1. Between B:R24 and B:L126, 0.36 nm times their residue separation minus their Cα-Cα distance comes to what?
2. Report the FRET efficiency, 1/(1 + (r/R0)^6), for B:E353 and A:S10, where r is their Cβ-Cβ distance and R0 is 51 Å, rounded to 0.05.
3. How high is the relative contact order of segment A:7-121, in percent, counting Cα pairs under 8 Å that sit 6 or more residues apart?
4. Nearest 0.05, what FRET efficiency do B:K228 and A:K268 give at R0 = 60 Å with Cβ-Cβ as r?
5. Compute, for the protein assembly as shown, the length of the dipole vector about the Cα centre, with Cβ point charges of +1 (Lys, Arg) and -1 (Asp, Glu) only. Units Debye, rounded to 20.
6. Please give the charge dipole size of chain A, origin at the Cα centre, charges +1 on K and R Cβ atoms and -1 on D and E Cβ atoms. Round to the nearest 20 debye.
7. Looking at segment A:191-291, which trypsin sites (Lys or Arg not before Pro) are in a loop (DSSP not H, G, I, E or B) and have at most 16 other Cβ atoms within 10 Å?
8. Which trypsin sites (Lys or Arg not before Pro) from segment B:163-229 combine a DSSP loop assignment with at most 13 other Cβ atoms within 10 Å?
Amino acid sequence: MPLLLTEEQSMLRDSARGLISDHAPVAHLRKLRDSRDETGFSRELWATFAEMGFAGLLVPEEHGGSGLGAVEAGVVMEEIGRTLMPSPFLATSVLSAAALTRAGSAAQKSEHLPKIASGKLLAALALDEGAKHRPLHTSLQAVRSGNGFRLNGAKAMVVDGHVADLLLVVARSAGAPGERNGLTLFLVDPKAKGVAIERTIMVDAHNAARISFDNVEVTADHVLGEVDGGAAVLGGVLDLGRGAVASEMVGLSEEVFGRTVAYLKERKQFGKAIGEFQALQHRAAHLYIEIEITRAAVLKALQALDSDPAGATAAVAVAKARAGATATRAVQEGVQMHGGMGMTDQFDIGFFMKRARVCEELLGDANYHAAQLAAMRGY
Amino acid sequence: MADLDTFRRETRAWLEANCPPEMRRPMTSDEDTFWGGRNAKFSSEPQRIWFERMRDKGWTVPHWPTEYGGGGLDGEEAKIVRQEMAAIGARAPITSFGISMLGPALLKYGTEAQKREHLPKITAGLIRWCQGYSEPNAGSDLASLQTRAESDGDDYIINGQKIWTSYANYADWIFCLVRTDPAAKKHDGISFILFDMTSKGVSTKPILLISGRSPFCETFFDNVRVPKANVVGTVNRGWDVAKYLLQHERAMISGMGERGGSRPLGQVAADSIGSDAQGRLDDALLRADIATFDVDEAALAAAAERMVDLAKAGQGHPAFSSAMKYYGTELNKRRHELLMSSGGIDALEWESERSHEGARPRAWLRTKANSIEGGTSEVMLGIVAKRILDLPGA
């Protein structure tokens, strides 16, 4: 398969780009931030997303979705990355839709997936607990109680946690933190007794929440997939999410780079455009090369997620690690090359730096994924 | 797609049946490379068998037309052959500047007679080529070259000196840049010409490098007579041919670090350094460096694949090979720094059978030329800044 977008995928990109650049330029994020918007994104725009088939992009057609794959999800995420559009797409349409599709019972799927596709249901994956992404270190406890389970513990960095209609909670039903066996996914109503949600305002002005679970009762019907066997499903879902976030970072990097090169051509000092200085030319050229190589690595991972999901893990680790390192470089060079203007809130470039930092932590940073690759390669 | 699946199955079966097991092991010394040419010697029987089978199949250059001894495969099929060879760790049957550099330029700019004369001898490994580009005063500023070609009836008389001519002392023919119009602006008076290295007046002198080896020569031309019919492309437009060829050279150099099928670098390091109870390399910082290297190497492989696919789709940027050359050579230098660090004091041995006559340190030192030859890293970044980013004054 050529490492290029197909014609259909290019058309999808064009329509996503048109919609997002028209309705959600960076000014859209700025406005949501400055008005301390309670939702954190535009519900109106999300309804349009659903009408265009984006909300249900990964939802199978029999459940009202488009039945598309990782490459298409990446295409949309890349456009989201260009304008930093706050959107439920990652949490609801990628992570939650994939988890429900892969692990859900017939009843769970037909209850939730059509609503995701129509934009009526927002869902959130409650996974991380500590400062760093360590899925197997999950310690939130699920103890059997009657016909169901009782949940105790706390989650952090739950994307869209404060607006979600449904929480997908990763809990430990057996074994010790660090072990692969003993993880179980639960579908939890955020309004259930014992669930406390605190919206956390983050550096990037995107949605996140801390959620605590105090003796929250869930029935056996709310188990998503196999009891104690959640790691297998979770692994595939997280890989998909990593590919999606890596795509967002490619879009973000390219946009920052484009703005920076434009500035190098326009800003004059010492009587000439600063882009005439070789010190800056070589750094800009290097950054361009890093971004192009990362773009290829990310597309490689997305294609692998569609053609051979189980074998995609190494490619995904490469993609997320590269995307993190590249975006970090892009935003740092972006601010530096914009000089003092890059430090001002009035200028958009800082928004990209902040979002890149969050994307880097989401679903594992470059160190995490490089270490995963080392372990896979036996050293 | 079904046709390609069939092609892949047949390719796999053919390679399985025809690639000797010895030719599926990573190369360990210079002798493992077969270069072809009039004085070619095979270092082993399996090397001979492998080369001849691939030659007879047309797969020394799978994507060249069959009338010139190629395999006549399209881009997708050629990619499958590369992938299936990599999957079993098959060595290249021949390494040849005729294939990687001159051939593409001849296919684009050569006359039919030139193609028919030279390409079949390249695919069959009969003629070994070298490249006469750099001169003592024309390195990064290649277009300032001074080797003269003066008209004399149907011939040119060539005088001058080239330097860094790879393996000139083993080569049968040279493709060479010469100045045919000294009055023109520097890019406009250059021609691209081919001649036999046994011509009267050609001499070579190997240059001893820091690796203790001499892959490069100084090459001298003293009244060398060459037919005008040997000019490729238009007289005085040789710079176009030169640049086109450089794109292929850069793509080749960027791929020099690729190691299909060999052991992961981290495991090579663990052989010398050891691992902890969890199987992690017993040097946490080196492990981190190697892991980061592995990430970048895998990403570069994807980018190389994408570059080929973009070119096939007519969407490639002609200057992108400079980007790949820059990144690939810097990465290869990193690989060899990591190999030296991984080997510790064992990697310092220079003369012994145990060390294969210092194979590791000599290879490490050789890689330092990667970011100089074929255009320095700084020149590559300048090309990207100018031709792709369109930065002012670049």
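1. Details: separation 102, 0.36 × 102 = 36.72 nm, distance 2.38 nm.
Between B:R24 and B:L126, full extension yields an extra 34.3 nm.
2. E between B:E353 and A:S10, to the nearest 0.05, is 0.35.
3. Result for segment A:7-121 is 33 percent.
4. 0.75
5. Working: 88 positive and 97 negative charges, 218 e Å.
Computed charge dipole of the protein assembly as shown: roughly 1040 debye.
6. Around 940 debye, computed over chain A.
7. Answer in residue order: A:K191, A:K193, A:R267.
8. Qualifying residues, ordered by number: B:K185, B:K200.
Each value in this text was obtained by applying a stated rule to the coordinates, not by laboratory testing. Since the model is a prediction, treat every value here as computed from it, not as a measurement. Note: ideal-geometry Cβ built from the backbone for every residue, glycine included; neighbour counts use all protein chains shown.
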